[in-house]
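This report concerns only the one structure given below.
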Amino acid sequence: MDNTNLEIVSPERLLLSRPVQMVVIPAWEGEMGVLPGHAPAIVMLRGGTVRLYEAGQVTDRLYVAGGFAEITPERCTVLANEAIPVSELSRAEAEERLQQAQAAYDAADRLDIAALDAAMARIQSARAMVEAAEAG
Amino acid sequence: MPSLKDLRTRINSVRSTQKITSAMKMVAASKLRRAQAQAEAARPYAERMERMLGALAASVAGSPTAPRMLVGTGKDQAHLLIAVTADRGLAGAFNANVGRYVRNLARRLEGEGKTVRILAVGRKGRDFLRRELAAMITGDISYAGRKRVEFADAEEIGRRITNMLMDGEIDVATIIYNQFRSVISQVVTETQILPPSVPETATQQETGPRAIYEFEPDEETILAQLLPQALAIQIYRALLESAAGEHGARMTAMDNATRNAGDMIKRLTLNYNRARQANITKELIEIISGAEAV
């Protein structure tokens, strides 16, 4: 088996479904390459870029704003809160989002650890979006 | 016997009503297509979410630290009913069906000695329930004037009821909405969304007995993030089904109205022509008898 079936879905629609050689996803504790035959896993995603590899080349890149992935030996399902192809990202929009996230963090209650964590995750996600927009 | 002029006015007024209903039918038909597409597009995410939730739930099952959102408060005392209706009327029995269902359910639960609260989504449902069960309504939400419901709206509702559960205000949350079966058939459906009814893991059949997943980070951290998302997608689906159903119901209602207006125009035209003919005959008789008398 040399391909893993990749699916990327957002609440609004199914974005992509096709077999790929390898996919790199922004897992919670660092980037994670998924090849066919990967051990079953459920991982949480932080904001970042999903990269698709076909015939040794990166063929597609999508920005995801966070979510989850289910991995089995045959397939990899990415449930993204929001997913945008990198080529469609706009730098200005990404930066605006980063500023908003920053403002939300500054406004958050310093004692409410959960809220601070959530705001921090938003900043990281927005920062990844800016980086992806710059690279694309 | 109404005069000729009266009949003419009535025919014209029915005719303009017919124009409106037939235009509303067209609008509903095109909105229905969009709403249906939106509802279908949300399906893959919901299905996969369910699969993941099943795997996670199986893995934390029986653990004393399992999150409250998954197992509930362990009681069945305070119920929250979320009634999803449309913001506009003229859609047949669409809104009244949900209203009646919620009323009966609320009365029954109350009869069993339970506390009932109602969250009304949609203006029509709110108006209906406010007349009869005003004391139970804890809040209402309306999307009037909006082109479409978005996932963020569902997340907002999800957060609201999660907070109620966490604060111990409610034990069980149920959503009641019109499920879209087809253009002519919408079925009132109730689904318990909190605590979620976890599907028997379909994954296990697909990947062989007891697929052991690795979790990154641990199960409970993932669940804490995944449960609100799973809840929101269920609400989102209900909102979309209801939106598609609303347009379907309006389309059918307006189709009937247009047909009824057509029948009425036919009947009135017949009366009008009869009256006109009677007038002509009467005048002729008058002229003839006048001529004979000379």
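The values are calculated or read from the model by the stated rules, or taken from the named source; none is laboratory data. Please read these numbers as outputs of a predicted model, since none were measured by experiment. Every residue, glycine as well, gets a Cβ built from its backbone with ideal geometry; the counts of neighbours run over all protein chains shown. Side chains are part of the model used for accessible areas, which takes the heavy atoms of the whole protein and leaves out ligands, DNA and RNA. Shrake-Rupley method; radii C 1.70, N 1.55, O 1.52, S 1.80 Å.
Counting only DSSP beta bridges with both residues in chain A, tell me the antiparallel percent, nearest 5.
Antiparallel bridges: around 90 percent, rounded to the nearest 5.
For a quick check of understanding: with a 1.4 angstrom probe and all protein chains in place, what accessible area in square angstrom does A:Met44 have, to the nearest ten?
10 Å²
222 nm [θ] for chain A, helices only, -39500 (n - 2.57) per DSSP H run of 4+, per residue, to 500?
-10000 deg cm²/dmol
Among the residues of the stretch B:43-59, which ones have their accessible area go down by 40 Å² or more when all the protein chains sit together, as opposed to their chain alone (1.4 Å probe)?
Listed in order, they are B:Tyr45, B:Arg48, B:Arg51, B:Met52.
When the Karplus curve 6.51 cos²θ - 1.76 cosθ + 1.60 is applied with θ = phi - 60°, which whole-Hz ³J(HN,Hα) does each residue of the stretch B:124-130 get, with x for Gly and Pro?
Values, residue by residue: 5, x, 4, 4, 4, 6, 5 Hz.
Give the whole-number value, in cubic angstrom per residue, of the convex hull volume spanned by the C-alpha atoms of the protein assembly as shown.
Dividing the Cα hull volume of the protein assembly as shown by its residues yields 220 Å³.
If you build a Gaussian network model of chain B, linking Cα atoms that sit under 10 Å apart, which residue out of B:Gly145, B:Gly72, B:Gly125 swings the most?
Looking only at B:Gly145, B:Gly72, B:Gly125, the largest GNM fluctuation is found for B:Gly145.
Would you kindly state the longest site-free stretch of chain B, with sites defined as GluC sites (Glu not before Pro) in a DSSP loop (not H, G, I, E, B) surrounded by at most 12 other Cβ atoms within 10 Å?
B:1-111
Please compute the volume of the convex hull spanned by the alpha-carbon atoms of the stretch A:89-135 and report it per residue in Å³.
45 Å³
Would you check the accessible area of B:Tyr177, probe 1.4 Å, heavy atoms only, in square angstrom rounded to 10?
Surface accessible to solvent at B:Tyr177 totals approximately 30 Å².
Using protein heavy atoms only (no ligands, DNA or RNA), what is the total accessible area buried between B and A, 1.4 Å probe, nearest 100 Å²?
It comes to approximately 2400 Å² buried between B and A.
When the Karplus curve 6.51 cos²θ - 1.76 cosθ + 1.60 is applied with θ = phi - 60°, which whole-Hz ³J(HN,Hα) does each residue of the stretch B:25-30 get, with x for Gly and Pro?
For the stretch B:25-30, the Karplus curve yields 5, 4, 4, 4, 4, 6 Hz.
Taking θ as phi - 60°, what are the ³J(HN,Hα) couplings along the stretch B:84-90 by the Karplus curve (6.51, -1.76, 1.60), each to the nearest whole Hz, with x for Gly and Pro?
9, 10, 8, 8, 10, x, 6
Would you compute, for the Cα atoms of the stretch B:1-145, the largest minus smallest coordinate along each principal axis and list the three values in descending order, in whole Å?
For the stretch B:1-145, the Cα extents along the three principal axes come out at 82, 39, 22 Å.
Just for the Cα atoms in the stretch A:7-101, what are the lengths along the principal axes, largest first, rounded to whole Å?
41, 26, 25
In Å, what Kirkwood hydrodynamic radius results for chain B from the alpha-carbon pair distances?
It works out to 22.7 Å.
With heavy atoms of protein chains only and a 1.4 Å probe, what residues of the stretch A:38-62 have at least 30 Å² less accessible area in the full set of chains than alone?
In the stretch A:38-62, residues shielded by partner chains: A:Pro40, A:Ile42, A:Met44.
Below 26 Å Cα-Cα, how many Lys pairs turn up in chain B? Only count pairs eight or more apart in sequence, or on different chains, if you could.
16
Sorted by accessible area with a 1.4 angstrom probe, largest first, how do B:Lys282, B:Lys5 fall?
The most accessible residue leads, giving B:Lys5, B:Lys282.
Give me the accessible area of A:Arg18, 1.4 Å probe, in Å² rounded to the nearest 10.
70 Å²
Using +1 on the beta carbon of Lys and Arg, -1 on that of Asp and Glu, and nothing else charged, what's the dipole of the protein assembly as shown about the Cα centre, debye to 20?
So the magnitude is around 3080 debye.
Once amide H atoms are built 1.01 Å from N in the peptide plane, which residues 5 or more positions from B:Ala42, or in another chain, come under 5 Å H to H?
none
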